[in-house]
Every structure is written in C-alpha cells, then in structure tokens.
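*Asks:* I have a structure I would like to understand better, so I am pasting it below and will then ask my questions one at a time.
Since every read-out is calculated from the coordinates, none of them should be taken as a lab result. A quick note: this is a predicted structure, and the numbers were derived from the prediction, not measured. Here the Cβ positions follow ideal geometry from the backbone for every residue, glycine too, while neighbour counts run over all protein chains shown.
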Amino acid sequence: MSRSRVVLVDDHDLFRSGVRSELGEAVEIVGEAASVAAAVPLIRELDPDVVLLDVHLPDGGGHAVIAQVAPERPGVRFLALSVSDAAEDVIDVIRAGARGYVTKSISGADLLDAVRRTADGDAVFSPRLAGFVLDAFRSGAPPIDPELDVLTTREREVLQLIARGYRYKEIAGRLHLSVKTVETHVSAVLRKLQLSNRHELTRWAAERRLI
Amino acid sequence: MSSDPYRLPLAFPRLRRSEDEGAVAGVCAGIGKSLGVDPTLPRLTFALLAFAGGAGIVAYAGAWLAVAAEQGPPPSSRRRLLGLVALAVAGAIALRGFGFSDSLIWPAALGGAGILLARGRSGAPLVAGLSLVAVGVFLFVDQNATASDPIAAFESSAAAIALLLVLGPWAWRLAAERDAERTGRIRQQERAEMAARVHDSVLQTLALVQRESGDPRRVATLARRQERALRAWLYPGPHAEGAGLASAIEVAAAEVEELHGVPVELVRTGDVPLDERVEAIVLAAREAMANAAQHSGANEISTFVDVGEDELAVFVRDRGGGFDPGAVPPGARGIAESIRGRMNRVGGTAVLSSSAEGTEVELRLRRQP
C-alpha cells in the first residue's frame, strides 16, 4: 500500500510531535502548520492526500482552512481532530467538508486507521460524532426535506453501533452486511449532515452546546 | 486608565509652598512659580484682598494649611480640609466685600464645597458632592430668576448654563470612566476565578502527575479526570444540572475510572430526569462498567446512553478477553443481583453477550412502566 501524504495542522507543537511519532513510518508527513494563515498556502502547495486538522486554531477554526483550500484542491481530504466538545465547532468543520471527526484521546492505531479511511474517501465516525449525529437527527421537529433530514433505520442502526464502540467490521458482522455497505451508510449520513437544513442544525447546536 | 480618574484638573499645576523664597510661609512665592509670574503679583493680590473684609488674610492662612511645602511631607487630611474651608470662607468674604449679594455667595459656597467633596472620590461622597453642586446651581437660578430685574435673571441663567458647560463634560467623562472601571473590575474578577480554578484543578493534577510519573495508568486516570472536570466547566450544557440520566451516568463513569484506573469513553444522546426506575439503570450500568474495568483486562470501556422515544438503553462494552457467563459461580452477586435483578425489578432487561472479542452488557428500560 502506498503511504498517504499527510499534513498536520495544529497549534500545539507537543501534539504534532506526538502524532508524528505515533503515525511513524506508516504515513508520510509532508508538512506541518500551526495556524490557518500558514496552513492554507502549505496545503495548496503540497496537495497532500489527508490533512489532519485541529478544530481550534488561533486565527480561526479548522473550517476556515477547508473553506479556503477545498475549492482549489478537491482531492485533499480533511479529518478533524479536537479535544473540544462544543457541538457548534464540530458542526462547522464537518459542514465545511471534513470527512470525519475524532477526539485527540484516540489511540495511535485507531488514528492510523482513521487516516487510511480518510485517504480512501470514507467517512470517519468516532463514537462521539455518532452520538452527536444521532442527536442532531433526533425525531421531533418535522423534517423539511425528508430525503436529507431523516436517517433511515439502517443508518440509525449503524450509528448506534458506532456509538457503542463497534468498528465497521464488527458492525458488518452484526448486521449481516458487507463492510463496504457499512461504509456507504456512514458516507450517506455524512452527506446528509453536510446538506441538510442548516438552520435547524445550527439551532440545535446552539441549544445543546454539547455532543 | 490613569491611576486616579476622578481628579479634577488642578487650577494650579504642581502648586507647592516655596518656604525658602517666601516672606512668610512661601504661599505667594509658590503661586508665582507655578504660574510663572513674579511673586510680587500674588503678594499684591493677597494684600488687596486683605482690605476686602480681611479675605486676603484668611485666604493666605487657608493656603498655608492646605498646600504642601516643597520640602517636607504633604499636609494631613485634617489640616488640608481646614485650609480648604478657610479658603472657601475667604472666597465668600471677598465676594461680599466686592458687593455680591448672598444670593450668589451661598450657591457658590455650596457648589464649591460639593466639588471639593466630590473630587477624588467615588461612591457616596461623590454622589453627595455632586448633589451639593446641583443644589447650589438650583439655589442660584431660583433666587436670581425671581428677581424683578430681567437682566439679572438672564445673567444668572447664563451663569448657570456656563457652569453646566464647564461641569457637564467632566461629569460625562466621569461616568464613562466609571463604566470602564466596572468592566475592568468584572474582567479582573473573571480572571481571578479562572486563576483559582486552574490552581485548584490543573496545577494540582500536574503536581500529582509529576509525582506519579512512574505509573502510566495512574497518570492517564489523573489526566482523564482533569479533562472531564475542565470540560464540564468550559461547556456547561443541559447535562450539567445534575438531575438527569446523562449526568448520573457521567458521574458513575468518572467513579469507575477513578476506582479502577480504566478510562470510560462515554457517548450519550438525549436525557431524561432521574426517578427510581432511571436510577436503577444508572446503578446497573455502574456495576457493568466496574465489572468491565476489574475483570475484562481491556484498556478502555465504551458506554453509550441512548434515550429513545419509548425506551432507555445503556450499552457497556469492553474489548477484553471475554468470559463464559455460564461459568460464573451462581454466588457471584455482581451480574445476577446488581445488574439483572436490579433491571428486572423495575421492569427492564439486561442482556450480556461475551466472546473472545470482548463483552457487552445491554440494559433496556421502557420509559413508561
């Protein structure tokens, strides 16, 4: 397998060096940036496979990096990383186009898996993000666009299993699906999250302020 | 912001009595110096004023009391106050001597006293001083406006407006500065609270981490606990009130983490208020988490709390070695009593599944009994 070219964007040196040593030789870390201003030209220049993106940066959120880079570099995939639980921040970065969200307490092996998955174009749902999405699509208010504002039963089942700590492969086994199908469901959820009624989600996030 | 925002600009900048060059107490020499004129001029003025009912003599004594010498300590506040009173009296005498009527002198005295009182103060003295000024202005306008002479009435009104023009900007600036000061004070309080919080929690944790750096598991537990506490403080959401299922499970998870040193990754959606039945599911979940922490050998436990429309569900999962539920001796109270029995009593279910991949306990409870 060819090694993914990765750019790290995080304002904490300590965290960047930790990630570098954890990912080790498995990926090629081609660049690092500590701010939005530094990250945008760097990513444009390097055109990496994956950008590991801190949700919080001193000169703006991770979503600002995606918004400035994505139109010109559609092949670059972003994976959001955070210690924060504020739902608005996570919503912003996912909506901007990140392929997933993991917390910084993630183990090295899981992070590597998440990077590979991101490079393959799959959605990466941590248990926390799954819980957050389930909450966001909680039934209650009538859907504005049923295609986008409602999760299918299958999607809901998949998300619940992710929230319970199951991996895609285990979920596939449990629901008698292929891993590819599980990935398809998760990607569909991500797409809904990115396209569904923005107003509703933002209002929801403001009310909850928590995942 | 200046150190003392309420001071009126001084009429005499840096006025000091020049005892060395003075003839009596150095008052006139000092005034001359601070105004940049020959001391003869103030001396002449005081001498002239002495003829106006003795005002010059009283004024000189007042200045001697109130003004600090170039060398030596500033006057005590009592001495200073006495001096200022003497100056005010001198002013009143002088005005009378020049033929001004009482209707000008008393308001002027009140206004002057008010300004002196308000100067350099805040709070009650400031309000009292400004009130005195206001009363002075009112008396002045009242007494003069009722005079039969329309020109006198006009003049007094003009004088009142002029006074307002002089004092208005000052009062305005004062109010603005008070606002700025209040904002600053609030910010400072927030800062102090933040510092206290960081000191009580983060610094203590860091100290513990240094001492226990040989035990990675203990260090991880300390870090998790600190993270949880800080997060609860930074993002106080609806879960933080402490009355619902979500926060009760969170507390239970924290206890298990601390007791057994295994991190619990907690995910929750929705919340319900606690009652007897909901408490049962919390206690059962706590037992399940404690079992997983103690016996599974896993280095992390995943707990998912799902509040559905009809049903509450809690899933406790570990990736430990798993075990054969049938092989657990019947006397083992944990699973039989604390989990299954507890759930059954409130009409819920507990399902345990275990394999080489790990163990999961599913607790389910219908919301309506």
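*Asks:* Compute the signed sum of charges (Lys and Arg +1, Asp and Glu -1) over the other residues within less than 12 Å, Cβ to Cβ, of B:G184.
*Replies:* +1
*Asks:* Give me the net charge of A:A109's neighbourhood, meaning all other residues with Cβ under 13 Å from the Cβ of A:A109; Lys, Arg count +1, Asp, Glu -1.
*Replies:* So the surrounding residues net to 0.
*Asks:* Over all alpha-carbon pairs of region B:239-366, lay out the pair-distance distribution in 5 Å bins, whole %, shortest bin first.
*Replies:* P(r) for region B:239-366, in whole percents per bin: 2, 12, 23, 25, 21, 12, 5, 1, 0.
*Asks:* In nanometres, what is the gap between the two model label sites at B:E21 and B:V202, each 7 Å from Cα along Cα-to-Cβ?
*Replies:* About 5.8 nm, to one decimal.
*Asks:* May I pose another question? With both partners inside region A:1-121, how many of the DSSP beta bridges are antiparallel, as a percent to the nearest 5?
*Replies:* 10
*Asks:* Quick one: if the Förster radius is 25 Å, what FRET efficiency do B:S355 and B:A243 give, using the C-beta to C-beta distance and rounding to 0.05?
*Replies:* Approximately 0.10, to the nearest 0.05.
*Asks:* Rank these for me by crowding, B:T205, B:T183, going from fewest to most other beta carbons within 10 Å.
*Replies:* Taking fewest neighbouring Cβ atoms as first place, the list is B:T183, B:T205.
*Asks:* Applying 1/(1 + (r/R0)^6) with R0 = 30 Å to the Cβ-Cβ distance of A:S107 and A:L195, what FRET efficiency is obtained, to the nearest 0.05?
*Replies:* After rounding, the FRET efficiency stands at 0.40.
*Asks:* Now, a different point. Extension gain B:A68-B:Q294, at 0.36 nm per residue separation less the Cα-Cα distance, in nm?
*Replies:* Full-extension gain reported as 73.5 nm.
*Asks:* What FRET efficiency would be calculated for the residue pair A:L14, B:A195, taking the C-beta separation as r and a Förster radius of 22 Å, to the nearest 0.05?
*Replies:* Step by step, r from the Cβ atoms, then E = 0.45.
*Asks:* Which order do A:D54, A:D49, A:D110 fall in if you start with the one that has the fewest other Cβ atoms within 10 Å?
*Replies:* By the 10 Å Cβ count, ascending, the order reads A:D110, A:D49, A:D54.
*Asks:* With unit charges on the beta carbon (Lys/Arg positive, Asp/Glu negative), name the residue among A:G75, A:L53, A:L42 whose Cα is farthest towards the positive pole of the charge dipole of region A:10-78.
*Replies:* Final value for the positive-end residue is A:G75.
*Asks:* Extending each Cα 7 Å along its Cβ direction at B:A128 and B:D324, get the distance between those two points in nm, one decimal.
*Replies:* 9.0
*Asks:* Ranked by Cβ crowding within 10 angstrom, fewest neighbours first, how are B:R366, B:R187 ordered?
*Replies:* Arranged by neighbour count, lowest to highest, B:R366, B:R187 become B:R187, B:R366.
*Asks:* Are there GluC sites (Glu not before Pro) in region B:262-369 that DSSP puts in a loop and that have at most 12 other Cβ atoms within 10 Å, and which ones?
*Replies:* Counting only loop positions with at most 12 other Cβ atoms within 10 Å, the GluC sites (Glu not before Pro) in region B:262-369 are B:E309.
*Asks:* How far apart, in nanometres, would the label points at B:T45 and A:V150 be if each is projected 7 angstrom from Cα along the Cα-to-Cβ direction?
*Replies:* Using points 7 Å along Cα→Cβ, the separation is 9.0 nm.
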